[in-house]
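The values are calculated or read from the model by the stated rules, or taken from the named source; none is laboratory data. Computed from a predicted model, the values in this text were never measured in an experiment. When we count neighbours, we look across all protein chains shown, and the Cβ atoms used for this are built from the backbone with ideal geometry, even at glycine. Just so you know, the surface numbers come from the protein's heavy atoms only, side chains and all, with ligands and any DNA or RNA stripped out. Shrake-Rupley method; radii C 1.70, N 1.55, O 1.52, S 1.80 Å.
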Amino acid sequence: MSFTTTVYFVFLLIGLVFYYLIPKNYRWTVLLVMSYIYYLSYRLKAVVFILFTTITVYLLGIMLERIQNGADAYLAQNKQVLSREEKKSYKNKIKHKKRIYLVIALLLNFGMLAAIKYSGFAISGVNHILRAVGTQKQFSLFTIAAPIGISFFTFQAMSYIIDIYQGKYACEKNFFKFALFVSFFPQIMQGPIGRYNRLAPTLFEGNSYSLQNIQFGIQRIGWGIFKKLIMADRAGVFVNAAFADSNQFHGMIRIIGLLMYSVQLYMDFSGGIDIVIGTAQMFGIKMDENFRQPYFSKSIGEFWRRWHITLGAWMKDYIFYPMSLSKGMNKISKWGRKHIGNFIGRTLPICFVNIVIFFVVGIWHGASWKYIVYGLYNGFIIAFSNLMEPVYKKMAAKCHINTNSRGWKVWQIIRTFILVNIGWYFDMAGSFKDALIMMKYTVVGFSPSLLFDGSLLRIGIEVRDYWIILIGCIVVFVISLLKEKGVSIRESIANKNIVIRWGIWYVFILLIIIFGYTGGVQAFLYANF
C-alpha cells in the first residue's frame, strides 16, 4: 500500500472518518487497527517481527520500572536505618540488575535485526576468510526476507527502553497503546524515528477535529507527491539507465547521473517524509521533522544535522554522548591534553566517537561494504575537519578571507555539496567495487560535448523531462530558501484571499496531474530499511 496509490488515500479517508466519529478516548484504537492493516498489507508473516519487538520491549520496560519503584520504596522506608555506604551499595546493585534487563532488550532486538539484515553478509565474510587461508570448509548462506521498516521500528523501540532505563519517563502500562507507538502506520516504512515522550501524547489522547490540520496535512502530502512523482521518479529513470552497467558511460554522463541521483534521493526520501508528516497531521499528530534544507549545509557535519535528522539525533543521544562522556574517553582526553596539547587532546576522543557513529550509520543503511565505506567516508571527513579547525582559521586569517561573507558561505555550500555527492557513489552503486569503477569513469573520457551531441536523449528520458526536473529543482530551491529564512509557506498562503489561495492549490494539483511521471511509479528508496 504505497503512499502514492489510490488504495492508500481511500484507506486514509476511511480511517479519518472513523477516527473523528468515535469518542476521543477510543480514537487511538482506530490508529492501531489502521497500523496493523497497513503493515499486513505488505506481508502477512512479517507481523511476527514487529510483535516480537513490541512484546519484549513492553515487558522489559515494565520490569525495569518495577525494579526502580521497588528500590525507591525500600530506600524511603529504610532511609533512617541504612548507612550511606549501604545505600550506595544497594543503588549499585539495582543499577546492575536494571542494566541486565536493558542488555537483554538490546540483544534480543538488535540481535533480531542483525540476524535478518546482516547474517548473509557476515557468513559471506567468514567464508571469504576461510578461502583466503586455504580452508575448504564453507558455511551455508541463509536469508530472511526483511520486513518493511524493521530498522525504523527497532530503533524507535530501543530509544524507549533506554529512556525507561534512565528514568526519563514512566513506562506505558497499556500494551495496545505501546503497540501503536511501535507500529504507527505512516512512519513505519521510512521514519521519522519518533521518541515516546513527544509522540505518545498526541497518539493516545484523541485529537479534536481541526479543518486547518486537514488542510495543512493535505498540502504537505501534496508537496511530497510533487517531489516523488514529478522529480524523484523522473530522475530515477535516468539514474537507472546511466548506472545499470558500471562500465558503460563515462565522464559527463556520470556527473549528470550523479546529480540526478542527488535529486532522486532527496526528493524521494524527503517527499516520503512529507507524506508521513502530512498524514499524521490530518489526525492531529505532530511528528518530528526529518529534513531541514540539507543542501544548504556548509560542512558535512552540518549536512548530517539537516539530513535524516531523527537518525542523527538517535545516534547522538544513545551512542555519541554515552561514549564521549565515558571514563575511557575521559582518560584518553586527559592523556591527550597532557602529551599532545589541549585542543587535540580534547578533540581526538570526539573524532574517534564520530567515526564509530558513522560506521554504525553505514551498517544501518545495509549489509554491504559499500555502506560501511560510505559511513566511514563521512565520519573521517567530520573527524579531519574537527582536528584541522585551528589550521583552517589561521589559513583564512593569513589569506584575509572574511569567513562571514556571503561569498565564503556560498563556497562552503558548494564544497559540501560536492563532498556529499562523492559519497553518493557508495550509496548508489551495487557494490564497493562498482562505486570505484564509477568514480574512475567519471574522470576517464570526460568531455563536455556529450551535453550537446544528443547522448543525454538516449538515456531513458526526453528533453521535456530535463526541463521538468530543472524547473522543479528551481521551485524546490526557492521554497527551501524561504524556509531557511523562517518563512512558513503554508501559513503565508493561508493568509491570502480565497481566490489567490485556492488558485495556487488548483495550479499545484494540475501540475502533479499533468507532469507526474507516468512511466511507472517507483518504490520509495527507503522503503526496505
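At-a-glance table
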| item | result |
| --- | --- |
| Built amide H within the under 5 Å cut-off of F291, gap 5+ | I309 |
| Order by protection proxy (mean Cβ within 10 Å, highest first), peptides 233-243, 106-116 | 233-243, 106-116 |
| Percent of Cα pairs exceeding the 46 Å cut-off, where the set is the chain | 19 |
| Within region 1-91, trypsin sites (Lys or Arg not before Pro) in DSSP loop having at most 14 other beta-carbon neighbours inside 10 Å | R43, K79 |
| Separation of alpha-carbon centers, region 274-314 and region 57-106, rounded to whole Å | 37 |
| Long-range lysine pairs (8 or more apart or interchain), region 284-340, Cα under 25 Å | 6 |
| Ellipticity estimate at 222 nm from DSSP helix runs (n ≥ 4, -39,500 (n - 2.57)) divided over the chain, nearest 500 | -23000 deg cm²/dmol |
| Distance from region 360-432 to region 479-502 (C-alpha centre basis), Å | 33 |
| Percent of alpha-carbon pairs separated by more than 17 Å within region 234-336 | 69 |
| Over 19 Å (Cα to Cα) - which of K227/K483; K45/K370; K393/K483 fall in this group | K45/K370; K393/K483 |
| Solvent-accessible area of E85 with every protein chain in place, 1.4 Å probe, in Å² to the nearest 10 | 130 |
